[in-house]
1. Could you run through the range 1-33 and say how many residues are over 15 Å from residue 65 (Cβ atoms), modelled with pLDDT of 95 or more and not charged (D, E, K, R)?
2. Just to verify a result, which residue in the range 44-64, among those that are at pLDDT 95 or above and basic (Lys, Arg), is most open to solvent (accessible area, probe 1.4 Å)?
3. Determine which single condition residue 23 fails, assuming it passes every other condition in (1) open to solvent by less than 40 Å² (accessible area, probe 1.4 Å); (2) part of a loop (DSSP other than H, G, I, E, B).
4. With respect to the numbered conditions (1) exposed (fewer than 14 other Cβ atoms within 10 Å of the Cβ); (2) of a type outside the set (Val, Ile, Thr); (3) in a loop (DSSP other than H, G, I, E, B), which one is the sole condition not fulfilled by residue 32?
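The values are calculated or read from the model by the stated rules, or taken from the named source; none is laboratory data. These numbers come from a predicted model, not from an experiment. Counting neighbours? That spans all protein chains shown, and the Cβs are built from the backbone with ideal geometry, glycine included. To get the accessible areas, we keep the full protein, side chains included, count just its heavy atoms, and leave off ligands, DNA and RNA. Shrake-Rupley method; radii C 1.70, N 1.55, O 1.52, S 1.80 Å.
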Amino acid sequence: MKLEEAIVYLLASSNQGMKTEQIAREINERGLYTRWDKEPVSEKQIWAVVLSHPETFVKSDGRIRLMI
């Protein structure tokens, strides 16, 4: 699974959206994405993916949501 797909997977079940730290923690705890260097996913990585996919994600009220 790509990191973008892991974020979409989590946000699809979150009606209120999630903060970047929540997304990173859930991805790491559930093992939804593994970095090439085996390090945990960081909040900065989540934010970078969100910024690079404005057609998929939106940030409002400090939370990341899926663009509908």
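1. Result for the range 1-33: 8.
2. The residue in question is 44.
3. Of the numbered conditions (1) open to solvent by less than 40 Å² (accessible area, probe 1.4 Å); (2) part of a loop (DSSP other than H, G, I, E, B), the odd one out for residue 23 is (2).
4. (1)
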